[in-house]
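Below is one structure, written out as structure tokens; comments come after it.
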Amino acid sequence: MNAPSPPTRALASHAPLSVGQFVAFIAALMALNALAVDIMLPALPAIGADLGMAVENDRQMVITAYLLGFGLGQFFMGPLSDRFGRRPVLIAGLLAYAAAAALCASVSGASALLAARFAQGIGSAAPRVIVTALVRDCYEGRTMARVTSYAMMVFMVAPVIAPSIGQAVLLAGPWRWIFAVLALYAAAVLWVAATRLPETLPPQRRRALSRAGLAGSARLVLGSRQTVGYALAAGVFFGAL
């Protein structure tokens, strides 16, 4: 019987989180983005009526502003986590997400709400990018694929139940409570990240921020037909939604 081949690189440990806890944590991070979009869909009419957004398309800017921040933030979170480590960038992103959600719950005008949603999107970019890096730091090969698949199974439930959660919150209180729920959820995930998640990128594997390095990484990604194809397909699919 052939012995299992050794790992091709040194793998980090996510202890004290067990495998099951790590998968649940990864799924919780991935759900942040889905919840931020889908949980408030039932509240858009109430938000528009309260903040003077009479035109239906104007209400949809609550979603668009978030997605703009989310898309823009992803350009920076990866290089920052490669330079400073996964944990500090993740914690900063979760703090921004929770603070922006709390601000959304207290705004008095449409412009302030859109600005806070944009900031929330930037904060959400950190867990979305770093979640993949965390799995890759700790696993490789089939084990990495299996852990990711388990997390995806849990994550896929979030956009399905999020509108129902939003509707339930509206039955109990005003639309501002939805953002309070998002802030509390992010705070709970932040607590786990701050108290239980170790740093998975050791200093010797970190990369300096440089134009040459960023340009090389961009060429590597854009030069992969498979990566570009999947990205375009995902963009078209998400845009159609």
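The values are calculated or read from the model by the stated rules, or taken from the named source; none is laboratory data. Everything quoted here is computed from the prediction, not taken from an experiment. A quick note on method: Cβ atoms are made from the backbone with ideal geometry, for glycine too, and the neighbour counts reach across all protein chains shown.
For the reader, a short list of remarks on this structure follows.
- Matching entry among L113, L41, L90, L94 (being within 21 Å of W177 (Cα to Cα), within 19 Å of the chain's Cα centre (by Cα), surrounded by 22 or more Cβ atoms within 10 Å (Cβ to Cβ) and not β-branched (V, I, T)): L94
The rows are residues; the columns are (1) in contact with a Ser or Thr (Cβ under 9 Å, 6 or more places away or on another chain); (2) farther than 30 Å from Q21 by Cα; (3) without any contact (Cβ under 8 Å) to a residue 12 or more places away in the chain; (4) not in a helix (DSSP H, G or I).
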position: D50; (1), (2), (3), (4): no, yes, no, no
position: M53; (1), (2), (3), (4): no, yes, no, yes
position: N57; (1), (2), (3), (4): no, yes, yes, no
position: F75; (1), (2), (3), (4): no, no, yes, no
position: A92; (1), (2), (3), (4): no, no, no, no
position: A119; (1), (2), (3), (4): no, no, no, no
position: G123; (1), (2), (3), (4): no, no, no, no
position: M144; (1), (2), (3), (4): no, no, yes, no
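- In the set A133, A112, only one residue is at pLDDT 95 or above and assigned to a helix (DSSP H, G or I); that residue is A112.
- Extreme residue, modelled with the lowest pLDDT, among residues of region 181-223 that are more than 20 Å from L90 (Cα to Cα) and of a type in the set (S, T, N, Q): S217
- The residues in region 123-166 that are over 17 Å from A34 (Cβ atoms), buried (at least 22 other Cβ atoms within 10 Å of the Cβ) and not charged (D, E, K, R) can be counted, and the count is 1.
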